[in-house]
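First the structure, in the form of structure tokens, and then the observations on it.
The values are calculated or read from the model by the stated rules, or taken from the named source; none is laboratory data. Being a predicted model, the structure only gives us computed values, none of them experimental. For neighbour counting, all protein chains shown are included, and Cβ atoms are generated from backbone atoms with ideal geometry for every residue, glycine included.
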Amino acid sequence: MERSMRADDVLVRVDDLSVAYGDTTVVDQVSFEVPAGSTTALVGESGSGKTTVARTLLGHLRAGARLTSGRVSVGGRDVFGLDRAGLRRLRSTTVAMVPQNAGHALTPSMRVGRQVEEALLAAGADRAAARERTVETFAQVSLPDPDRIGRRYPHQLSGGQQQRVAIALAVAVRPKVLVLDEPTTGLDVITQRAILGLLRELTLRLGTATVMVSHDFGVVAALADHATVLRAGRAVESAPAKQLFQEPGDEYTRELLGAVPRIGGAVSRNGADQSQRGESPRGESLLRVQDVRIGYGHRERDLAVRGASFELRRGEVVALVGESGSGKSTLAWSLAGLHGPRDGSMRYLPATGDGDLAQAARRRPLELRRRIQLVFQNADTSLNPRRVVAEAVRRPLRLFRGLRGSELAAREAELARDVRLEPELLRRLPMQLSGGQRQRVGIARALAGSPAVMVADEITTALDVSVQASILDLLEQLRGEHDLACLFISHDLGVVKRIADRLLVMHGGVVVEEGPADAVFDGPNHPYTRELIEATLEPDPELARASVRPEAGGDIRESLSAGRLTGLRHDATDPGVGASTGAVVWRWRDAGPEMVELGDGHRVRQWELTSER
Amino acid sequence: MTGSELTVAGTPAQGTLRTVWAGIRSSRAATIGLAIVALHVLVAIAAPLLTSYAPTQSVPAEALAGVSWDHLAGTDQYGRDVLTRVLHGGRFALVVCALSTVAAVGLGTVVGCFVALRGGWADNVVMRLVDSVLAVPAILALLVVVTALGTGTWVVVAAITIVYVPGVVRVVRAAAQSVVPLEYVTAARARGERRWSILRRELLPNVADVVAVELAMRASWAALLVSSLSFLGFGANPPTPDWGLMVAENRTALTVVPMATLAPIVALATFVVGLNLAADGLAKAWGIDRFRRDGR
């Protein structure tokens, strides 16, 4: 099915769109156009109305919302002027959407092939053609073994593969317009890079007009040709991507871009902080973890952490980095006494007793228990929805410090001020607070026991960039004020670069690289670390696009000979660059447990090369 | 405690009560249901004031009389006023129903929350026990208990409690299991809180809506069960006025004085329908849907 394709074909035209929910205007006079073969991003923080705008392209409004002005036309038809049948036709053939969470968007009890076929049947294809087209589409989205993968159920696929199926579901009917709702938000950086590369290629090849919704400027930079920044339902700025990132015209855009953590260049932390970090004296060791192995079952393959060793010093922020499933959260939970290690030792060194952290929280002496505190990722579920948030802070104060009455109230207010929160806000229920405020309460709760070590498990992941920046600032201040050591768990290297003194990179349950933040970012690295660094998207269209290009990352052997990698086991045979034909892909394989010392505490676990066809 | 402390502590309780009240008010079904139930309770309490007859006073001369101004619902085979007996007849059922429901739901909630929190082998053992009790038909289990232990009010209460606890455990455990992995519970565990304390502070407030609906549902089933027992002759003893017993006593005379059988049936039916409406209304008004709407 060939379509006449002119670059100036405007397929999506949103004109003066306003949407109200009750009496509240959630979208206020937004206009934009998307020509065929190009991508427009709607960027903004949560509550900016970006998803509401994107969904109007499918003629969808949330229950209770209504159009108060404007027009949305897709492929030349006024979406809100269509009757039910027309709308159904529009959705089945002209416009398709890739949802945020593919894991939830796919029907769990239906083979993925059937799900794609169903979309094709709805668009009017016959059964045989649908089956053929499904396989074709699976190949197009680079799913492995496209002939047979359709027989699988969603749970048998990885997160990245599920997202590919969701994309296949959308592009199978060759829609003219593609709506991407935060298409890579739940994915780790390496998978994200692959998915973004695929989306970019598909948009160009199929000539679709793509509208993407995102809060992540890195993703926008990688994909969008044009971007509209939304704030509280209003478009504050609309510009070609390059221009938007290089010379943002609006104050708000500048603020947002300034808050995005970056890993490249000298734009990490401000100068004063930088020098402070350089001079920060190596404090006494607080925590020593040695050869810890943690598992959820009894077998060897149930191990989530298979041998981790590190130290944490007073006043130091150590970042624990790795993709989901690398064992970093398990390690954190174990330190907090929620899941005992199978063997190895974990000690809190300054303790008067033996400071053994291998025992469960309940068995630890009170004095030890309060020294290590956890802050959680999800501010929505980390506070009891039925209790005022003061209760969350007051409970540990009573339990750990034995405070009562006016003393308790005074300390409670003091903690609120410590985390820069109005003490009055403590009288509210969690749902009456914003995400950032809730996260501050979570931090206050951890501080209530006067801990020496704070374990922060992805605490900024669910937050908007500007809120994220303020929480990171807070953490920075707190570690000075309270002399805190912090184990900061994150998969976002930009955030890590901003806050961490040292890095621990985990992969498959082992620490593959450890060292001072600057040394790790400068390299040379373990191949996995390198991959993580290269897959991290900078808010800069050129860098981000280079990063998602299919050939990005390159050959592992080239990186090795260019000096970007280290830690290759010395007795392993190095096939050398150009030793084989192009069809062979070289990968790394763990060859630990020995680490290669690079000085200043920078250590890289040994690995070896392995070829794969 | 300081003043500010008190006001802060007062906020959630007030808030919760107000939420409950708003939930009931927002649902017509719940309002009507609760009104019916309240009416039944009032009538049972005030029964002696509402009629001029004694429920056990038999006047053989007036036996099997039809509907008249003296006897608005007629009389039964011993000449007792049917309306009087119907008004009094809820007392036994209501008391047994209330006591056993509160006992069953209370016990079941604590056990359900506990096993959800504890997990592991304790969870397995308790749930298999629950399965085995649930496998026995309720009325059969009741008859065994009553036959073995006699037919006192307390025996019936205990028997119904035993029969209903497993079901409550199962429902509450399921609700609690979705709360246990949430991070505020994890935080409490990392603080090294005692299990009972976690259960009371973190779990109970968040399964309260499920428990409330369960309370209303179980109460309606318990009312039916008590009446069934009485009908079978294992609940209230003659000459006590009781709905189930009245149906059993008067069904032979159904064709002669239909009101003597129908009146207690209508009374029982309205009570059960009231409880069911309340349960449905509450479930809809502040079940999962409502939580989503607020948490949006």
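Exactly one residue out of A:Val141, A:Val135, A:Val116 is at pLDDT below 90 and assigned by TED's automatic domain parsing to the domain that holds A:Thr51, and it is A:Val141. For beta carbons closer than 9 Å, sequence separation of 6+ or different chains, a first residue in the range A:400-426 that is free of Cβ contacts under 8 Å to residues at least 12 places away in the same chain and within 12 Å of another protein chain (Cβ to nearest Cβ) and a second that is surrounded by fewer than 16 Cβ atoms within 10 Å (Cβ to Cβ) and among the hydroxyl-bearing types (Ser, Thr, Tyr), the qualifying pairs are A:Gly405/B:Thr2; A:Ser406/B:Thr2; A:Ala409/B:Thr2; A:Ala409/B:Ser4.
Taking the stated definitions as given, is B:Ala223 of a type outside the set (Val, Ile, Thr), in a helix (DSSP H, G or I) and surrounded by fewer than 16 Cβ atoms within 10 Å (Cβ to Cβ)? In short, no. If I filter the range B:44-55 for residues that are of a type in the set (Phe, Trp, Tyr), surrounded by 18 or more Cβ atoms within 10 Å (Cβ to Cβ) and touching a residue at least 60 places away in the same chain (Cβ under 8 Å), do I get at least one hit? Checked the range B:44-55: no residue is of a type in the set (Phe, Trp, Tyr), surrounded by 18 or more Cβ atoms within 10 Å (Cβ to Cβ) and touching a residue at least 60 places away in the same chain (Cβ under 8 Å).
Evaluating A:Asp354 against the criteria (1) more than 29 Å from A:Gly508 (Cβ to Cβ); (2) within 13 Å of chain B (Cβ to nearest Cβ) leaves one unmet condition, (2). Annotation: of all residues in the range A:382-394 being among the basic types (Lys, Arg) and not in a helix (DSSP H, G or I), the one that is farthest from the other protein chains (Cβ to nearest Cβ) is A:Arg387.
Out of A:Glu534, A:Glu538, one residue alone is out of contact with any strand residue (DSSP E or B) (no Cβ under 9 Å at 6 or more places or on another chain), under 30 Å from A:Gln140 (Cα atoms) and not in a loop (DSSP other than H, G, I, E, B). It is A:Glu534. All of B:Arg251, B:Arg195 fail the test of being surrounded by fewer than 24 Cβ atoms within 10 Å (Cβ to Cβ) and without any contact (Cβ under 8 Å) to a residue 24 or more places away in the chain, apart from B:Arg251.
Within the range A:201-219, residues that are on the phi > 0 side of the Ramachandran plot reach partners that are buried (at least 19 other Cβ atoms within 10 Å of the Cβ) and not in a helix (DSSP H, G or I) with beta carbons closer than 9 Å, at six or more positions or on different chains, in the pairs A:Gly207/A:Ala36; A:Gly207/A:Gly37; A:Gly207/A:Lys176. Checked against (1) within 22 Å of A:Gln373 (Cβ to Cβ); (2) surrounded by fewer than 20 Cβ atoms within 10 Å (Cβ to Cβ); (3) at pLDDT 85 or above, A:Ala308 meets all criteria but (2). Of the residues making up the range B:243-265, those that are aliphatic (A, V, I, L, M) and more than 12 Å from B:Ser230 (Cα to Cα) number 9. Out of all the residues in the range B:188-207, is one or more under 26 Å from A:Asp457 (Cβ atoms), among the hydroxyl-bearing types (Ser, Thr, Tyr), at pLDDT 90 or above and in a helix (DSSP H, G or I)? Within the range B:188-207, one or more residues are under 26 Å from A:Asp457 (Cβ atoms), among the hydroxyl-bearing types (Ser, Thr, Tyr), at pLDDT 90 or above and in a helix (DSSP H, G or I).
Of the helices (runs of 4 or more DSSP H) lying entirely inside the range A:34-129, those containing at least 3 residues that are buried (at least 22 other Cβ atoms within 10 Å of the Cβ) span A:50-56, A:112-122.
Checking each residue in the range B:70-91 for being buried (at least 24 other Cβ atoms within 10 Å of the Cβ), basic (Lys, Arg) and either at pLDDT below 80 or not in a loop (DSSP other than H, G, I, E, B) (or both) picks out only B:Arg85.
If the condition is being facing another protein chain (nearest Cβ under 10 Å) and touching a Gly at 6+ places or on another chain (Cβ under 7 Å), then the range A:430-470 contributes only A:Met431. Restricting B:Ala175, B:Ala116, B:Ala141 to those that are part of a helix (DSSP H, G or I) and within 14 Å of another protein chain (Cβ to nearest Cβ) reduces the list to B:Ala175.
For A:Leu397, the conditions (1) crowded, with 18+ Cβ neighbours inside 10 Å; (2) at the interface with chain B (Cβ under 8 Å from one of its Cβ atoms); (3) of a type in the set (A, V, I, L, M, F, W, C) all hold with the exception of (2).
If you check every pair at least six apart or on different chains, which have Cβ atoms under 8 Å apart with a residue in the range A:320-344 that is at the interface with chain B (Cβ under 10 Å from one of its Cβ atoms) first and a residue that is among the β-branched types (Val, Ile, Thr) and part of a loop (DSSP other than H, G, I, E, B) second? Within 8 Å, no pair qualifies. Taking the criterion of being surrounded by fewer than 20 Cβ atoms within 10 Å (Cβ to Cβ) and more than 8 Å from chain B (Cβ to nearest Cβ), the residues of the range A:364-381 that qualify are A:Pro365, A:Glu367. If I ask for residues that are outside any loop (DSSP other than H, G, I, E, B) and of a type outside the set (Gly, Ala, Ser), which ones from the range A:133-157 would you list? Scanning the range A:133-157 gives A:Arg133, A:Thr134, A:Val135, A:Glu136, A:Thr137, A:Phe138, A:Gln140, A:Ile149, A:Arg151, A:Pro154, A:His155, A:Gln156.
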